[in-house]
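Written out below as structure tokens is the structure these notes cover.
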């Protein structure tokens, strides 16, 4: 969901995502009136938070979404909307972390949530490799081969 | 000021569906109160915030799973309160 990371440090990430013009998702949600499902907006906030945590942990641990609180979807999101996604660290606990994330578009608030993640050592080398590759693609980290 | 036990019991009652009166010093958080691992994360988060500490729940769990420590040392309420008091004291030292 995340297309590009604009900035990141140990506490905060800013990223962007472009809603595609066409998607099979819109065939059912909704016919003749395409809207991004709230669950995908939640996933977008979770991904931004996840990248923040991956960066914070130096890819030593993988965050897995375990809870969402105070989730509010405030505005409809239509195809071709450019989303600005911000996630901030609330708490770095023992084996878990909490973030607050929000999405806006053209300065208008779209949704926000408090998200909890379990953080575990990578359970599979393939997963770590894919997360690192994806992190390079979106500009979270530099390409080690470059 | 409320004791660590009372503060933790209040947190559990507010964070889960467990009635406050059911939480006693001898209650096992998991076996007696039925708190699952995800609810326990919310409880640990609330404890971290309330006491200004970082409960090392990951290492506690590893110690128990490895058979190095009994689960009761960390997950019976009176013992949990003692562990929290130790963490607070260590932070203040």
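In the stretch B:22-44, what count of residues is obtained for those that are within 24 Å of residue A:121 (Cα to Cα), in contact with a strand residue (DSSP E or B) (Cβ under 6 Å, 6 or more places away or on another chain) and surrounded by 16 or more Cβ atoms within 10 Å (Cβ to Cβ)?
1
So which strands (runs of 3 or more DSSP E) are wholly in the stretch A:1-73 and hold at least 1 residues that are touching a helix residue (DSSP H, G or I) at 6+ places or on another chain (Cβ under 6 Å), at pLDDT 95 or above and under 15 Å from residue A:103 (Cα atoms)?
Ranges flagged: A:12-18, A:61-73.
Could you please let me know if residue B:88 is in a loop (DSSP other than H, G, I, E, B) and touching a helix residue (DSSP H, G or I) at 6+ places or on another chain (Cβ under 7 Å)?
no
Check whether at least one residue in the stretch A:35-56 is closer than 27 Å to residue B:60 by Cα, within 14 Å of chain B (Cβ to nearest Cβ) and touching a strand residue (DSSP E or B) at 6+ places or on another chain (Cβ under 8 Å), and report yes or no.
Within the stretch A:35-56 (the criterion being closer than 27 Å to residue B:60 by Cα, within 14 Å of chain B (Cβ to nearest Cβ) and touching a strand residue (DSSP E or B) at 6+ places or on another chain (Cβ under 8 Å)), the answer is no, since none of the residues qualifies.
What is the one condition in (1) farther than 26 Å from residue B:56 by Cβ; (2) within 14 Å of chain B (Cβ to nearest Cβ); (3) buried (at least 20 other Cβ atoms within 10 Å of the Cβ) that residue A:70 does not satisfy?
Residue A:70 satisfies every listed condition except (3).
Out of the residues in the stretch B:59-82 that are part of a helix (DSSP H, G or I) and crowded, with 17+ Cβ neighbours inside 10 Å, state the one that is farthest from the other protein chains (Cβ to nearest Cβ).
Result: B:77.
Just checking, which of A:101, A:15, A:97 is over 26 Å from residue B:42 (Cβ atoms) and buried (at least 19 other Cβ atoms within 10 Å of the Cβ)?
A:15
Conditions tested, residue by residue: (1) modelled with pLDDT of 90 or more; (2) more than 25 Å from residue B:92 (Cα to Cα).
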position: B:6; (1), (2): yes, no
position: B:9; (1), (2): yes, no
position: B:13; (1), (2): yes, yes
position: B:18; (1), (2): yes, yes
position: B:24; (1), (2): yes, yes
position: B:34; (1), (2): yes, yes
position: B:37; (1), (2): no, yes
position: B:45; (1), (2): yes, no
position: B:52; (1), (2): yes, no
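Would you mind finding the one in A:127, A:115, A:140 that is more than 14 Å from chain B (Cβ to nearest Cβ), surrounded by 17 or more Cβ atoms within 10 Å (Cβ to Cβ) and touching a strand residue (DSSP E or B) at 6+ places or on another chain (Cβ under 9 Å)?
The conditions single out A:140.
Kindly indicate whether any position in the stretch B:13-22 is within 14 Å of chain A (Cβ to nearest Cβ) and part of a helix (DSSP H, G or I).
Yes: one or more hits.
The values are calculated or read from the model by the stated rules, or taken from the named source; none is laboratory data. All values derive from a computational prediction rather than experimental measurement. Cβ coordinates were reconstructed from backbone atoms using ideal geometry, including for glycine residues, and neighbour counts include every protein chain displayed.
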